[in-house]
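Please read the structure below before turning to the comments.
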Amino acid sequence: MAAERFEIAIAGGGPAGIACAAVLAQAGVPGLLIDEHPRLGGPGLRDAAGAFSPFAPAWARTVRAIRSLKKEALTVLPRTGLIGIEPGPRLLLAPEEGGLREIACRRLVIATGARERFLPFPGWTLPGVIATGAVQMLLKQGILPAADFVVGGAGPFLLAVAADIVRRGGRVRALANESRLADLLPPPGLLAGQGVKILDGLLRTLRVLVSGTRIAHGTRLLEARGAGRLQAVVTARVDKSGRHLPGTERVVPAALLAMGFGFTANIEPAQLAGCPLFFEDTLGGWLVQTDESLRTGVEGIYAAGEVTGVGGAEKSLLEGRLAGLAILEEMGRLDAAGRGEITRLQRKRKALLSFGRWFNRPSRFAAACRTNWFASLPDELTICRCEEVRLRDIRRTLAAGCRTPAGIKKATRCGMGVCQGNTCKGILQEVVAALTGGPPGGFPPPSVRAPLRPVDLGLLGGDTV
Amino acid sequence: MSGRRLPYPARGAPVAIRLNGRPVTAFAGETVFAVLCHEGVFALRRGGPGRPPRGALCGMGVCQECRVTIDGTPDRRACMTLVAEGMEIETDGR
Ligand SMILES: Cc1cc2nc3c(=O)[nH]c(=O)nc-3n(C[C@H](O)[C@H](O)[C@H](O)COP(=O)(O)OP(=O)(O)OC[C@H]3O[C@@H](n4cnc5c(N)ncnc54)[C@H](O)[C@@H]3O)c2cc1C
Ligand code: FES
């Protein structure tokens, strides 16, 4: 297969990828922007046609950046998955309509964003238990998927989703947040200059409370119940050591459970490319290591957005622009004003990383807490949804002396199914850490292999395209 | 039907599709996942041992739980596919 050549390829068309593409296209550098979804914008934005909260200026700026892209000489490939990276860098792409494409580029920007993080509980595989982000995307497309919801999991995003459901006419019967209220309140240092965001948060809280929703913190999703699909959610209070308090169970009927435990970065393409990683739980777990100009440890490869630390749209937009400017500087195409902007962006980035740490911390729990929590989960609990691996299988393998996630994966097939472990490999690391008493980042990151998305394996064999 | 369409400035033109053989009106720009939710179809396929019903989880292309048959092609992700006139969607979770 002959590879097409591009000066620069950008993987991921969320705020980071778009901001980067906009800088490069304005400078006249021929580039390629790839995203597996039909629409640009990333999961947080692509469905939000026009209806932006005045409190989210980053959204409006991304939309302007998308519009500006259309005018530039940039190749955009939507509906195209990045499934492999080889030295060069050479990219292997899988267009939705079939076949494969190979791209050779001088520089690659990895901006593949983040996905929602899930923790398992009995019944989490029932139809009707869906991600908080998925519910928000439906609302942004103008669809209220049910009348009655429970919102649960951990972290500050739950309140935002509950407020959106209520605003669009749904009922939130309960908001069960495993995080404690004290952990959700932003530290004073972070509040300086964030008046608009604070006001937004207060208004959202008010809206949810006024609707009659019970907001419970330190409260766990104990079980999702239903015959063939979700009918009720059982919640219970938990103490500070992560044990649930018997007698505090409540059964809440609902048609949908919007569930999420924060976010985790899509680092897999960077892993395939051999980029060094680091672990910081409060920035989202395993992340791509970069210098201040967002260069990764691999020559010619940059990382921007959630992949360097989960921190929200503002941070992703900034990093996309920063990566673009850094590339122009390397190419000798930046003037003094541009270099000044790089310095300013690098400084501002530090503040946005602090915001990210606040955002992620409430959904990451202390070691003792996780140990008590996971120890209480039943043997039949499904951990790997694709391969139907149960907690029992993991406990048995641990008891047999195999004590690393990598070993357990091989022994049980946990994470070897069609989703490539994207849903459960983080869970497996946390479960093994909790049950062996180790820290969650104490194991090497789960290994990855091409293809990153399921494709017809025959295609990978030879000259099929 | 369990979902509801809300006032939405960017809603596209109506498109006629079929869902498990039943004619359904969707709107251009909607994902197949959104239309399934609107129609109250949450069980999309069957899982492993015991064939338990499974539905979409992540809504963003990651979990592969929303795989349905579209125009005869199996295992298409409902959350990553936009509806189109005449589209035939088949779910296996019934
Ligand atoms: C529903 C939802 C609501 C949100 N609301 C807010 C909010 O109100 N305020 C806020 O600040 N933040 C919000 N966020 C977070 C915000 O969306 C992110 O911080 C921001 O979009 C991250 O930008 P990014 O460019 O780094 O990554 P993303 O926006 O995640 O974009 C990454 C892109 O890469 C693509 N991609 C990933 N892997 C591959 C692959 N292998 N091949 C091809 N393409 C791939 C994805 O399809 C995606 O489009 C929300 C997130 C979600 C999911
Ligand atoms: S719902 Fe997860 S891939 Fe579609």
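Read-outs throughout are calculated quantities, based only on the coordinates presented, and are distinct from any laboratory measurement. Quick caveat: nothing in here was measured; it's all calculated off a predicted structure. Quick reminder, even Gly has a Cβ in these numbers, built from the backbone with ideal geometry, and neighbours come from all protein chains shown.
Here are the numbers:
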| read-out | value |
| --- | --- |
| Residues A:K240, A:K410, A:K197, A:K140, sorted so that the one with the fewest Cβ neighbours within 10 Å comes first | A:K240, A:K410, A:K197, A:K140 |
| Ascending count of other beta-carbon atoms within 10 Å, so fewest first, for A:I198, A:I267 | A:I198, A:I267 |
| Averaged over A:25-37, number of beta-carbon atoms from partner chains that fall within 10 Å | 1 |
| Calculated P(r) of region A:367-442 - Cα pairs past 21 Å, % | 16 percent |
| Ranking of A:H217, B:H38 by count of other Cβ atoms within 10 Å, fewest first | A:H217, B:H38 |
| Kyte-Doolittle mean at least 0.5 and Cα axial length at least 18 Å: DSSP H helices in chain A | A:195-210 |
| Quarter of the Cα convex hull surface for the protein assembly as shown, i.e. its orientation-mean projected area (nm²) | 24.2 nm² |
| Dipole magnitude of region A:367-442 about its Cα centre (Cβ charges: Lys, Arg +1; Asp, Glu -1), debye to nearest 20 | 180 debye |
| Whole-Hz ³J(HN,Hα) from phi, Karplus 6.51 cos²θ - 1.76 cosθ + 1.60, for region A:282-288, glycine and proline x | 7, 10, x, x, 6, 9, 8 |
| Set of region A:100-118 residues, backbone N closer than 16 Å to the point 7 Å along the Cα-Cβ line of A:E299 | A:105-108 |
| Net charge, A:R173 excluded, C-beta distance under 13 Å - Lys, Arg +1, Asp, Glu -1 | +2 |
| Student exercise, the protein assembly as shown dipole from Lys, Arg, Asp, Glu Cβ charges, in Debye to nearest 20 | 1420 debye |
| Dipole of the protein assembly as shown, positive end: most advanced residue of A:A224, A:A111, B:T31 [Cβ charges, Cα centre] | A:A224 |
| Stokes-Einstein D for region A:120-260, Kirkwood Rh over Cα pairs, 4 °C, 1.567 mPa s (µm²/s) | 84 µm²/s |
| Inter-label distance, nm, simple model (7 Å from Cα along the C-beta direction), B:R51/A:D335 | 6.9 nm |
| Simple label model, 7 Å out from Cα along Cβ direction - A:L185 to A:S447, nm | 4.8 nm |
| Distance between modelled label sites at A:Q289 and A:S376, nm, 7 Å Cα→Cβ extension | 3.8 nm |
| Cβ-defined net charge surrounding A:T219, 14 Å radius [Lys, Arg +1; Asp, Glu -1] | +3 |
